[in-house]
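Just below is one structure, and these are the notes that go with it.
The values are calculated or read from the model by the stated rules, or taken from the named source; none is laboratory data. These numbers come from a predicted model, not from an experiment. Positions of Cβ are generated from backbone atoms using ideal geometry, with glycine treated the same way; all protein chains shown enter the neighbour counts. Keep in mind that these areas ignore ligands, DNA and RNA; they rest on the heavy atoms of the full protein, side chains included. Shrake-Rupley method; radii C 1.70, N 1.55, O 1.52, S 1.80 Å.
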Amino acid sequence: MPFPLLPFAGLVKNAGKTTALNAVNTLFPDECIGLTSIGYDGESYDAVYHHPKPPISVHPGQLVLTAERFLPDRREDYEIVE
């Protein structure tokens, strides 16, 4: 495993945190087993520039820790573990 833990953090909006997380997850899909986001903003569009915000890409078999309000409506797309 190239990264035992690889956080993406920043103090400003639009710094590329989600884009970087998605890129690493795409490059190493078998290495990444868990993803989490604080989901602080949760908006679909940036509050400053009104650009669409990228979603976090998730691959089958990965674990995701998120707030219930961010789960997709289609229950067939995921399983709640706890």
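All but one of (1) surrounded by 10 or more Cβ atoms within 10 Å (Cβ to Cβ); (2) under 14 Å from the mean Cα position of the chain (by Cα); (3) at pLDDT below 80 hold for residue 19; which doesn't?
(3)
Would you please name the residue that is modelled with the highest pLDDT, looking only at residues in the stretch 22-55 that are open to solvent by 60 Å² or more (accessible area, probe 1.4 Å) and assigned to a strand (DSSP E or B)?
Residue satisfying both the conditions and the ranking: 52.
Just to verify a result, which residue in the stretch 56-82, among those that are touching a residue at least 12 places away in the same chain (Cβ under 8 Å) and open to solvent by 100 Å² or more (accessible area, probe 1.4 Å), is farthest from residue 18 (Cα to Cα)?
For the stretch 56-82, the residue satisfying everything is 81.
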